[in-house]
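*Asks:* Handing you this structure, nothing more for now.
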Amino acid sequence: MISPRKTYIIANWKMNFTPGESSLYLNRLSKRITPSRNVQVILAPSIVSLQPLSLQINRRQFKLAAQNFYWRDYGAFTGETSVSQLRGFVDYAIIGHSERRYIFNESEEDIAQKVAAALRNGLTPILCIGETAMERSDGETAASIYSQLANGLHEVSKEDISKIIIAYEPVWAISSNKDARPAKPADIEEAQALIRKHISKLYGKTASEEISILYGGSVNSDTAGGYLSIRGIDGLLVGSASLIADPFCAIVETAKGIKNER
Ligand code: 13P
């Protein structure tokens, strides 16, 4: 039997909020978002806020995710933070976000090593994949999805695939990009089907049915319900709309409503 998949709503705050602002914002969210067994809300603040928020947070209500880290556990890597240093503060790690791939030239090898490092340290990797506008217009969407998945999961064994979350974030749909446009539900449904097909080939049918796939890109409180109703989509990775309490809380409420209907 297929296990009922949880819904994940992830707030990627990107490089916004000081530790003080993060703390105040968490305080506001915690008054409005009640814990739920079916909907896991995950906050990804910037690295300086992780430690203080980990002390403040009610872990039944929210979990924390790192936005980035370096894959070696310790050593002479000036300016970097290892996932072993983040252990205890976070339960999840966003890996391979397009802003890391394209602004900071993160390689497929780095991404694969980060997925392995997160697993080694007991964190759940949230592996982000998604085609660029040019790949889409050149008809290379499927090829891009396949290669980012295969490369990103290169180090992941059959036993560990159930510990991974995949986030499909087409680069052209992310609100900070020039000419960003929201993805159509049909495109997202097709992408999740491609991802499951590939997971099935690599890890078997059960893994492909059990893996959680999220969507990210220009999600707001008006569009969240539509995206969450797409077959095979198990949650949302939210950027700009996660920075304001009203839309973010509305997205979480929508997710809870949809989950309760199922
Ligand atoms: P926006 O929701 O601002 O498009 O950002 C999406 C994103 O990059 C989440 O990781």
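Computed from the coordinates by the stated procedures, all read-outs in this text should not be read as laboratory data. Small disclaimer: the values here were computed from a predicted structure and weren't measured. Cβ sites come from the backbone with ideal geometry, for glycine too, and all protein chains shown count toward neighbours.
*Asks:* Just for helices (runs of 4 or more DSSP H) wholly inside the stretch 189-262: which have at least 1 residues that are farther than 23 Å from N177 by Cβ and touching a residue at least 40 places away in the same chain (Cβ under 8 Å)? Let's see the steps before the verdict.
*Replies:* Details: elements: 205-210, 224-228, 245-261.
Of the helices (runs of 4 or more DSSP H) lying wholly inside the stretch 189-262, those with at least 1 residues that are farther than 23 Å from N177 by Cβ and touching a residue at least 40 places away in the same chain (Cβ under 8 Å) span 205-210, 245-261.
*Asks:* In the stretch 137-155, which residues are of a type outside the set (D, E, K, R), surrounded by fewer than 19 Cβ atoms within 10 Å (Cβ to Cβ) and part of a loop (DSSP other than H, G, I, E, B)?
*Replies:* Scanning the stretch 137-155 gives G139, H154.
*Asks:* How many residues, within the stretch 124-170, are touching a strand residue (DSSP E or B) at 6+ places or on another chain (Cβ under 8 Å) and of a type in the set (A, V, I, L, M)?
*Replies:* The qualifying residues number 10.
*Asks:* For the stretch 132-177, name all the residues that are out of contact with any His (no Cβ under 9 Å at 6 or more places or on another chain), of a type in the set (D, E, K, R) and under 18 Å from E190 (Cα atoms).
*Replies:* E135, R136, D138, E140
*Asks:* Suppose the filter is within 16 Å of the ligand (Cβ to nearest atom), in contact (Cβ under 8 Å) with a residue 12 or more places away in the chain and over 19 Å from N68 (Cβ atoms); does A142 pass it?
*Replies:* Values: within 16 Å of the ligand (Cβ to nearest atom): no; in contact (Cβ under 8 Å) with a residue 12 or more places away in the chain: yes; over 19 Å from N68 (Cβ atoms): yes.
Taking the combined requirement at face value, the residue does not satisfy it.
*Asks:* Would a scan of the stretch 52-62 turn up a residue that is in contact with a Ser or Thr (Cβ under 8 Å, 6 or more places away or on another chain) and part of a strand (DSSP E or B)?
*Replies:* yes
*Asks:* Looking at (1) buried (at least 17 other Cβ atoms within 10 Å of the Cβ); (2) more than 13 Å from the chain's Cα centre (by Cα); (3) in a loop (DSSP other than H, G, I, E, B), which is the only condition D73 fails?
*Replies:* (1)
*Asks:* A follow-up question, please. Go through the stretch 76-102 and give me each residue that's closer than 19 Å to Y168 by Cβ, surrounded by 14 or more Cβ atoms within 10 Å (Cβ to Cβ) and not small (G, A, S). Spell out the reasoning first.
*Replies:* Keep residues of the stretch 76-102 that are closer than 19 Å to Y168 by Cβ, which gives 92-102.
Restricting the remaining residues to those that are surrounded by 14 or more Cβ atoms within 10 Å (Cβ to Cβ) gives 92-101.
Hits for the stretch 76-102 are Y92, I94, I95, H97, E99, R100, R101.
*Asks:* Any residue at all in the stretch 90-98 that is in a helix (DSSP H, G or I), among the aliphatic types (A, V, I, L, M) and within 20 Å of the chain's Cα centre (by Cα)?
*Replies:* Initially, the stretch 90-98 is screened for residues in a helix (DSSP H, G or I), giving 98.
Still in the running and among the aliphatic types (A, V, I, L, M): none.
No, the stretch 90-98 has no match at all.
*Asks:* Can you give me the number of residues within the stretch 156-183 that are part of a loop (DSSP other than H, G, I, E, B), exposed (fewer than 15 other Cβ atoms within 10 Å of the Cβ) and more than 11 Å from the ligand (Cβ to nearest atom)?
*Replies:* Of the residues in the stretch 156-183, 5 are part of a loop (DSSP other than H, G, I, E, B), exposed (fewer than 15 other Cβ atoms within 10 Å of the Cβ) and more than 11 Å from the ligand (Cβ to nearest atom).
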